[in-house]
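This report concerns only the one structure given below.
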Amino acid sequence: MTKDTPVIEIRNLHKAYGSLEVLKGVNIAAPKGHVISLIGSSGSGKSTLLRCCNLLEDSQQGDVLFKGEPLSWRGSGHNRRPSDPKQVLRIRTNLSMVFQQFNLWAHMTILQNVMEAPLTVLDRDRAEVEKSARAYLEKVGIGDKCDVYPAQLSGGQQQRAAIARALCMEPEALLFDEPTSALDPELEQEVVKVIKDLAAEGRTMMIVTHDMKLAADVSDTVVFLHQGLIEEQGAPDTLFGAPKSERLRGFLSATHAA
Ligand SMILES: Nc1ncnc2c1ncn2[C@@H]1O[C@H](COP(=O)(O)OP(=O)(O)O)[C@@H](O)[C@H]1O
Ligand SMILES: [Mg+2]
């Protein structure tokens, strides 16, 4: 692995749910420190692509590489599965995911939510995990919310807690699936700010978003997915400023009109 080896790379990935082909040969690579935004219409396969990256979904063809290391498979086609559970766990814990619906555990305090996976999955020292959990909650601006339960927080605060939880795994990359879509506009901005701060720190991130301004502001590369294929990709200035594909132009004008 060299310094240019991508943290996550997907080569010619094909993914179907039964007979529904969702990804039809997608190539994507996230170099260290890069932010990639995935945009596209609902149903174009954005979430599926992200979920294939951190192995929440199996795929039927193509490769998934983590820091140059190919995922090992057994079987083929619809019977293809990862063959090494330890490898899957190691890769997945290095690619922390943040979901649209936060997915915090309702019966745990915010601090417990952030500490849970580092303790149980990574078996780290409790005192150290608590220290870093508090620091990450401070970093996302809710250091005073350690002892409350998720239901006592606003959506924006819950999403920031979910980001602190992802960070506390000390992952190689963060994957966001529509992190601001469930939020009221005024709460959206507090989450956008945290994501911008993380981008400025040089975190490697893949972000599925419908927020074109966020994509334009934070991304090194924007990828437009259309019906399971990458229709166009490029630097945000080019992709938004001079889109080549007719479909992308249509998508952007529909988005701006909304
Ligand atoms: N678990 C699933 N089972 C069957 N079909 C699914 C499943 N998840 C997603 N799909 C279908 O796959 C397609 C792509 O979905 P998705 O990746 O969620 O798109 P996006 O995130 O771009 O809106 C859609 O047609 C969706 O209905
Ligand atoms: Mg989605």
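For L153, neighbours were defined as the other residues whose beta-carbon sits under 10 Å from its Cβ, and their charges (Lys and Arg +1, Asp and Glu -1) total +2. Estimated from helices alone, the mean residue ellipticity of the chain at 222 nm is -11500 deg cm²/dmol (sum of -39500 (n - 2.57) over DSSP H runs with n ≥ 4, per residue).
Can you give the net charge of the other residues whose Cβ lies under 12 Å from the Cβ of A16, counting K and R as +1 and D and E as -1?
Working: positive: K15, K24, R80; negative: E21, E57, D58.
Surrounding charge for A16 is 0.
A 22 angstrom limit on the alpha carbon distance is what I want to check against. Which of K46/K244; K32/K196; K15/K244; K145/K193; K15/K213 exceed it? If you can, show how the numbers build up before the last one.
Values: K46/K244 20 Å; K32/K196 16 Å; K15/K244 27 Å; K145/K193 18 Å; K15/K213 29 Å.
Pairs exceeding the cut-off: K15/K244; K15/K213.
Counting 0.36 nm for each residue step from R126 to D184 and taking away their Cα separation leaves a gain of 17.4 nm.
What helices does the chain hold that run 20 Å or longer along their axis, going by alpha-carbon atoms, with a Kyte-Doolittle average of 0.0 or more, using DSSP H for the helix calls? Please list the in-between numbers first.
On the way: long enough: 185-200 (22 Å, 0.09).
Those that pass (Cα extent of 20 Å or more, hydropathy at least 0.0) are 185-200.
To check you understand DSSP bridge types, tell me what percent of the beta bridges within the stretch 118-258 (both residues inside) are antiparallel, rounded to 5. Don't skip to the answer; put the middle values down first.
Details: 5 of 10 bridges.
Antiparallel: roughly 50 percent of the beta bridges in the stretch 118-258.
Of all the accessible heavy-atom surface of the chain, with the other protein chains kept in place and a 1.4 Å probe, what percent is carbon and sulfur? C and S atoms contribute 49 percent here.
Just need the relative contact order of the stretch 135-258 here, percent rounded to a whole number, with Cα pairs under 8 Å and 6+ apart.
On the way: 117 pairs, mean separation 20.3, N = 124.
Contact order relative to length: 16 percent.
Given R₀ = 41 Å, what would the calculated FRET efficiency be for E69 paired with N103, taking r from the Cβ atoms and rounding to 0.05? Show your work: numbers first, answer last.
Values: r = 27 Å, r/R0 = 0.67.
Efficiency computed from Cβ-Cβ geometry: 0.90.
When both bridge partners sit in the chain, DSSP labels roughly 55% of those beta bridges antiparallel. Here the chain was treated as a single set of alpha-carbon atoms; its pair distances binned every 10 Å from 0 give 7, 30, 35, 22, 6, 0 percent.
Dividing the Cα radius of gyration of the stretch 17-149 by its Kirkwood radius returns 1.02 for Rg/Rh. For the chain, the solvent-accessible area works out to 46 Å² per residue, with a probe of 1.4 Å and every protein chain left in place. Entry for the stretch 204-246 at q = 0.14, 0.27 Å⁻¹: log10 I(q)/I(0) = -0.29, -1.06, Debye formula applied to identical alpha-carbon scatterers, no solvent contribution.
The values are calculated or read from the model by the stated rules, or taken from the named source; none is laboratory data. As the structure is a computational prediction, the values presented were derived from the model and not from experiment. Here Cβ is always computed from backbone atoms with ideal geometry, including for glycine, and neighbour counts include all displayed protein chains. Each accessible area value is taken on the protein alone, full model and side chains, heavy atoms only, with ligands, DNA and RNA left out. Shrake-Rupley method; radii C 1.70, N 1.55, O 1.52, S 1.80 Å.
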